[in-house]
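Undergrad: The following block contains the structure, expressed as structure tokens.
The values are calculated or read from the model by the stated rules, or taken from the named source; none is laboratory data. Values in this document were obtained by computation on a predicted structure and should not be read as measured data. A quick note on method: Cβ atoms are made from the backbone with ideal geometry, for glycine too, and the neighbour counts reach across all protein chains shown.
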Amino acid sequence: MAAPSASPANTVPRTLDSESSRMPFVVAIINQKGGTGKTTTTINLGAGLAYQGYRTLLVDMDPQGHTSLGIGIDPESFTESMAEVMTVPRKDIEDVVLATYIRGLFVAPSHIKLARAAELLYSRMYRETILHQALQHTDYDYVLVDCPPALGVLTTNSLYVADFIIIPCQMSRYSLDGLADLLTTIEEVKNITLEDLFQEDFFRILLTMYDRRNRVTNEFIMEQLKPYLEKTFGAIIMKNEALNQAQIAQKAVFDYDHSSTGARDYYLLTQEFLNLCQKRKSLPENRRSLRNMP
Ligand SMILES: Nc1ncnc2c1ncn2[C@@H]1O[C@H](COP(=O)(O)OP(=O)(O)OP(=O)(O)O)[C@@H](O)[C@H]1O
Ligand SMILES: [Mg+2]
């Protein structure tokens, strides 16, 4: 199936309030392990939010560029990307943002050049703050940042700016092994203690690729997860081929097969995420789209 074509964001009418610049609510989707469902979650939670009427930006911080590709942005359709936003002289992020085929859903695409840009960042002062600076004065309700499978400077930039963190964990034997390292990195970048990290509603683990038939593995993971149960989303993403196929078709699962298990799971995740955001005290009062929720 042909991918929907990209168009510059500034040619698409803004669906929500654009009268003032404000800092959006930023969610980093992080796990240093590869293949845990970060990109799938970024795309489908992002689409879920956009379909609920929220102006949403996906920031692809992975040089692999899978988020951009997965939502229908082919690499030939843009010349500048997050690589230029993260390099001196810095490009304004709005100059690289593209509209996707979903109304209200935008993407700041990535390119393999972002890997080189990240190397150059290591010698710079305040290197963790660049994404934060780039997102200031942007006009979105939500920004979802898809991180690469590493705890390098691209991930620490994403952590630094994040208001909330989603940690997708695949249901496999070693899936929770790196969790302690990841939480330590969050503590360091955010300059908070582990107790604060648990007390504040700051992160959630998301179980992905759950297969009911793998009873022994599932029981093992659930046992390991016990200390983190309160910090785990109730929504679980089942293993579902429609999610794989949707990525190949470069679409959100809601558009590829809206009756699939994957579409149901990501719809439930979107609802749970929005409920959580409504409860959070730190959510700025002026998020008017939240007030428009049914
Ligand atoms: N719930 C699921 N059921 C079936 N397949 C899935 C599911 N979630 C993700 N996948 C598939 O698993 C693969 C890895 O998923 P994804 O790209 O989202 O992981 P990732 O964490 O972003 O990987 P990386 O660390 O390489 O960036 C993809 O082919 C994706 O289509
Ligand atoms: Mg990925």
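Undergrad: For the stretch 21-132, give me every one of the strands (runs of 3 or more DSSP E) that falls completely inside it and has 3 or more residues that are not β-branched (Val, Ile, Thr).
TA: Passing ranges, in order: 56-60, 105-108.
Undergrad: If TYR174 meets every condition in (1) touching a strand residue (DSSP E or B) at 6+ places or on another chain (Cβ under 6 Å); (2) part of a loop (DSSP other than H, G, I, E, B); (3) among the hydroxyl-bearing types (Ser, Thr, Tyr) apart from one, which number is that one?
TA: Status for TYR174: all satisfied but (1).
Undergrad: Another question, then. Return yes when ASP141 is away from ligand 2 (no atom under 16 Å from the Cβ) and not aliphatic (A, V, I, L, M) and no when it is not.
TA: For ASP141, the condition - away from ligand 2 (no atom under 16 Å from the Cβ) and not aliphatic (A, V, I, L, M) - is met.
Undergrad: Go through the residues of the stretch 117-135 one by one and say whether even a single one is more than 30 Å from LEU183 (Cβ to Cβ), surrounded by fewer than 22 Cβ atoms within 10 Å (Cβ to Cβ) and over 17 Å from the mean Cα position of the chain (by Cα).
TA: So the first thing to find is which residues in the stretch 117-135 are more than 30 Å from LEU183 (Cβ to Cβ), and the list is none.
Scanning the stretch 117-135, I find no residue that is more than 30 Å from LEU183 (Cβ to Cβ), surrounded by fewer than 22 Cβ atoms within 10 Å (Cβ to Cβ) and over 17 Å from the mean Cα position of the chain (by Cα), so the answer is no.
Undergrad: Do any helices (runs of 4 or more DSSP H) entirely within the stretch 180-287 hold 3 or more residues that are within 15 Å of ligand 1 (Cβ to nearest atom), within 18 Å of the chain's Cα centre (by Cα) and of a type in the set (A, V, I, L, M), and if so, which?
TA: Numbers: elements: 194-199, 215-224, 241-248, 253-256, 261-279.
Answer list for the stretch 180-287: 261-279.
Undergrad: State which residue is surrounded by the fewest Cβ atoms within 10 Å (Cβ to Cβ) when the search covers only the stretch 161-177 and only residues that are over 14 Å from the mean Cα position of the chain (by Cα) and more than 12 Å from ligand 1 (Cβ to nearest atom).
TA: Checking each candidate, the answer is TYR174.
Undergrad: Let me ask something else about it. Taking ILE166 and the conditions (1) more than 16 Å from ligand 2 (Cβ to nearest atom); (2) under 21 Å from THR270 (Cα atoms); (3) touching a helix residue (DSSP H, G or I) at 6+ places or on another chain (Cβ under 9 Å); (4) of a type in the set (Val, Ile, Thr), which numbered condition does it fall short on, given that it satisfies the others?
TA: (1)
Undergrad: From the residues in the stretch 149-160 that are within 12 Å of ligand 1 (Cβ to nearest atom) and either buried (at least 24 other Cβ atoms within 10 Å of the Cβ) or free of Cβ contacts under 8 Å to residues at least 24 places away in the same chain (or both), which one is nearest to the chain's Cα centre (by Cα)?
TA: THR155
Undergrad: Looking at the stretch 179-217, which of its residues are basic (Lys, Arg) and closer than 25 Å to ASN157 by Cβ?
TA: LYS190, ARG204, listed by residue number.
Undergrad: Identify, please: which residue in the stretch 99-116 is out of contact with any helix residue (DSSP H, G or I) (no Cβ under 6 Å at 6 or more places or on another chain) and not small (Gly, Ala, Ser) and is, among those, surrounded by the most Cβ atoms within 10 Å (Cβ to Cβ)?
TA: Applying the filter and picking the extreme gives THR100.
Undergrad: Checking the conditions here, which among LEU135, LEU69 is touching a residue at least 60 places away in the same chain (Cβ under 8 Å) and closer than 25 Å to LYS33 by Cα?
TA: On inspection, the qualifying residue turns out to be LEU69.
Undergrad: Condition first: in a loop (DSSP other than H, G, I, E, B) and either of a type outside the set (A, V, I, L, M, F, W, C) or over 14 Å from ILE165 (Cα atoms) (or both). Now tell me which residues in the stretch 137-150 satisfy that.
TA: HIS137, THR138, ASP139, TYR140, ASP141, PRO148, PRO149, ALA150, listed by residue number.
Undergrad: Which one of the conditions (1) at pLDDT 95 or above; (2) under 27 Å from GLU195 (Cβ atoms) does LEU105 fail to meet, given that it meets all the rest?
TA: (2)
Undergrad: Further question on the same structure: From TYR126, TYR122, grab the single residue that is over 25 Å from LEU98 (Cβ atoms) and without any contact (Cβ under 8 Å) to a residue 12 or more places away in the chain. Talk me through it step by step, then tell me what you get.
TA: Values: TYR122 fails: without any contact (Cβ under 8 Å) to a residue 12 or more places away in the chain.
Criteria check complete, one pass: TYR126.
Undergrad: Does the stretch 162-171 contain any residue that is out of contact with any Cys (no Cβ under 8 Å at 6 or more places or on another chain) and at pLDDT below 90?
TA: yes
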